Amino acid sequence: MKSLENLLEEIDRDELDRRIRSHPRPRTSREFVCPECKARCTRLLNKDGEAGHAKGCSQRLRRTDSVRLPPMLTDGGERE
């Protein structure tokens with residue numbers, strides 16, 4: 001692995017910024033880039049799902065088996 005000093009000698013500031021902001025590429029056979037959320041995700045070993053999806057992605061795992069209800073909007077008054 002190259003040291004930071006060696007890397008900075010080889011690339012300019014714009015290239016460093018581009019690499020920092022770029023989306024990571026899959027590194028293993030279980031990793032892939034989700035076409036919906038563009039996150040690097042991982043197929044789980046038990047084959048029941050995928051981890052790593054961004055918030056709002058339809059493929060994101062739910063931590064419970066129930067569907068979560070969206071928070072109720074209130075006017076800030078007292079609870080019933």
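The values are calculated or read from the model by the stated rules, or taken from the named source; none is laboratory data. Everything numeric here is computed off the predicted structure, so don't read it as measured data. So basically every Cβ, Gly included, is an ideal-geometry build from the backbone, and we count neighbours across all protein chains shown.
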Counted residues, the stretch 10-19 - those being modelled with pLDDT under 80 and in a loop (DSSP other than H, G, I, E, B): 0
Within the stretch 20-51, residues being part of a loop (DSSP other than H, G, I, E, B), within 10 Å of the chain's Cα centre (by Cα) and farther than 24 Å from L4 by Cα number 4
Quickly run through the stretch 18-59 and pick out the residues that are acidic (D, E) and surrounded by 11 or more Cβ atoms within 10 Å (Cβ to Cβ). E31, E36, E50
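Matching residues to (1) touching a residue at least 40 places away in the same chain (Cβ under 8 Å); (2) in contact with a strand residue (DSSP E or B) (Cβ under 6 Å, 6 or more places away or on another chain); (3) of a type in the set (A, V, I, L, M); (4) on the phi > 0 side of the Ramachandran plot:
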{"site": "N6", "(1), (2), (3), (4)": "no, no, no, no"}
{"site": "S22", "(1), (2), (3), (4)": "no, no, no, no"}
{"site": "C34", "(1), (2), (3), (4)": "no, yes, no, no"}
{"site": "L45", "(1), (2), (3), (4)": "no, no, yes, no"}
Any hit, the stretch 67-80, residues being among the hydroxyl-bearing types (S, T, Y), at pLDDT below 70 and loosely packed, with under 10 Cβ neighbours inside 10 Å: yes
